[in-house]
1. Using beta carbons and a limit of 6 Å, which pairs, at least six apart or on different chains, have the first residue in segment 85-114 and more than 18 Å from Thr147 (Cα to Cα) and the second one of a type in the set (S, T, N, Q) and surrounded by 22 or more Cβ atoms within 10 Å (Cβ to Cβ)?
2. Could you tell me whether any residue of segment 80-88 is polar (S, T, N, Q) and closer than 24 Å to Val181 by Cα?
3. Would you check if Gly24 is exposed (fewer than 14 other Cβ atoms within 10 Å of the Cβ) and modelled with pLDDT under 95?
4. Collect the residues in segment 199-218 that are in a strand (DSSP E or B) and either out of contact with any strand residue (DSSP E or B) (no Cβ under 6 Å at 6 or more places or on another chain) or of a type in the set (D, E, K, R) (or both), keeping them in residue-number order.
5. List the strands (runs of 3 or more DSSP E) inside segment 33-139, counting only whole elements, that have at least 1 residues being under 21 Å from Val184 (Cβ atoms) and small (Gly, Ala, Ser).
6. Can you tell me how many residues in segment 41-98 are surrounded by 15 or more Cβ atoms within 10 Å (Cβ to Cβ) and under 17 Å from the mean Cα position of the chain (by Cα)?
7. So which residues in segment 278-315 are assigned to a loop (DSSP other than H, G, I, E, B) and either in contact with a helix residue (DSSP H, G or I) (Cβ under 7 Å, 6 or more places away or on another chain) or not hydrophobic (A, V, I, L, M, F, W, C) (or both)?
8. If only one of Ala95, Ala90 is touching a helix residue (DSSP H, G or I) at 6+ places or on another chain (Cβ under 7 Å), at pLDDT 95 or above, closer than 26 Å to Pro132 by Cβ and of a type in the set (Gly, Ala, Ser), which one is it?
Amino acid sequence: MIRFHIRRLVILAVVGACGHTISGPPGRPGLAVTPFALGNGPWNVAISQRGLVYVTRVATDSIAVVDIAAPRVAAAFKVGNGPYDVVFNAAGSSAYVSNLYDHTVGVINTSTPAQVTTFPVPGGAVRLLLGPGENKLYVTLDNGGLTVLNAASGAVDTTIQLGAVALNGVALTSDRSRLYVSSVGGTVTEINTASDIVLRSFTPGGTPQDLVVGHGDSTLYLADEAGWVAVWNLKSWTRTDSIPVPAAFGLALTQDGAQLWVTETGAGEIAVVDCASRTVVATIPVLGHPRHLAMTLDGTTAVVANEAGVVQIIR
């Protein structure tokens, strides 16, 4: 498990250093940032249960298959126009990609790998999330809509209008009964996944981005580009804390739920938040413009998509 117990840890990461490992300072073993070049706007990262790593590249309409052990790009393949997000099914046999400018969701056969079909949606597809039993695919849109697709056929079950601007964060409770969706317009909405009905919403303000539900389903963490991570109690539906994090954008929770990793896109850093104390216990400078990140299932490695033209492996 990647964990920090110090107040601040500084790592000098050279964005253009392809394949070069930068180790932590003496006496702080077990951490290294290994970057390698990947152009054309690396944006989002997904890791399957089999350890397959996909990185979307918006500017080149493709997905890179990353070998994090090497590290290197093992393969690349074309999808639709402006791939933004990607998610795997539980078996890892298929993946879905949101093709923002095509107004489609692509279906990927991971054994090929190739996009084998597309599902049309009523707007620019942004974020994706498979619902309970993987029967539903939730798709957020750039026009403020949330479309629910049949994950097998691509048929539209329903579209819920949650505002007029892009929805850029999605998260499920562990029992997959509740879905949370953030809007860059400043709202967060809770949806019952059995009925796909809006239950409640709140207005945290700022520019909400990624969402993560904490262990126990009682806490929601919200990255806000205005400069904080908001903490909401899902039982009382109240805001309980605001953790100062400049330009907070992407979120990833460690396997044990003890730490929250936050990309600071405007600052070129990753903040490591201790969930118990709700304080930033470490800052990892990665330079560039880190967007989304993901953790391997064993919790030993983080993969960061850096829009500046690099993928960074943190161990």
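The values are calculated or read from the model by the stated rules, or taken from the named source; none is laboratory data. Because the structure is a prediction, the values reported are computed rather than measured. Please note: Cβ atoms are built from the backbone with ideal geometry, for glycine as well, and neighbour counts cover all protein chains shown.
1. From segment 85-114, the pairs are Ile108/Gln115.
2. Of segment 80-88, the ones polar (S, T, N, Q) are 81.
Applying the additional criterion that residues be closer than 24 Å to Val181 by Cα yields 81.
Yes, because at least one residue in segment 80-88 is polar (S, T, N, Q) and closer than 24 Å to Val181 by Cα.
3. No, not satisfied.
4. Listed by number, the residues that qualify are Arg200, Asp210.
5. 94-99, 125-130
6. Qualifying residue count for the region: 31.
7. Taking segment 278-315 as the starting set, the residues that turn out to be assigned to a loop (DSSP other than H, G, I, E, B) are 278, 286-289, 296-301, 307-309, 315.
Selection gives Arg278, Gly288, His289, Thr296, Asp298, Gly299, Thr300, Thr301, Glu307, Gly309, Arg315.
8. Ala90
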